[in-house]
């Protein structure tokens, strides 16, 4: 018979996981309380949360949901990172922390509908942020449009240049005839 505390914990976890874009399972064995506090602080900066969970309760919370594939990775001491914001920012913050703290192990992740192993989460962390990608795309489009405008205005510009040259030549000829 489940206690009211466990039922509440499962419902709370279900509510937190509802509508998330990113979920990452980690093993925190070997990290100090201060290191976990630092991890939470870094994740909060990118609109993510870190919660240590009981595996059995986490399995109940993700049962019959799109996150059910994470159930096989719920072994050992498990911490869950979840965010409804930019997955790249979460992956970057997590890998920055993991580089400095080797004790943190990434088990698996779920990003915008896809289950990802740790190697793919690292590849995601190596991507530029969404804003940087958008800026690059705008730059490429803007460069192409500037070239198009240059090509479209070239005939008129050339015509004006030729007319100016002809006018200057006519003025010189008129001055030479009068002088």
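Coordinate-derived values only; no laboratory data. Since the model is a prediction, treat every value here as computed from it, not as a measurement.
A few remarks follow.
- Per the Debye formula on identical point scatterers at the alpha carbon atoms of the chain, with no solvent, log10 I(q)/I(0) at q = 0.18 Å⁻¹ is -1.13.
- Seen through its C-alpha gyration tensor, with square-root eigenvalues sorted a ≥ b ≥ c, region 11-50 comes out prolate because a/c lies at 1.5 or above while a/b is bigger than b/c.
- Above 17 Å, the calculated P(r) of region 100-146 contains 56 percent of its Cα-Cα pairs.
- Here the Kirkwood formula puts the hydrodynamic radius of region 37-117 at 13.2 Å, using every distinct Cα pair.
- P(r) weight above 13 Å for region 128-179, C-alpha pairs, percent: 72 percent
- Calculated on alpha-carbon atoms, Rg and Dmax of region 1-81 in Å: 12.9, 39
- Angle between the chain longest axis and helix 33-44 axis [Cα atoms, degrees, rounded to 10]: 40 degrees
- Long-range Cα-Cα pairs in region 87-179 (distance over 19 Å), rounded percent: 66 percent
- Taking each DSSP H run with n ≥ 4 as -39500 (n - 2.57) and averaging over every residue of the chain yields -20000 deg cm²/dmol at 222 nm.
- Relative to the longest principal axis of the Cα atoms of the chain, helix 87-100 runs at roughly 70 degrees.
- Relative contact order of region 4-127, taken over Cα pairs closer than 8 Å and 6 or more residues apart, is 38 percent.
- Mean-position separation - Cα centroids, region 108-179 and region 6-44, in angstrom: 45 Å
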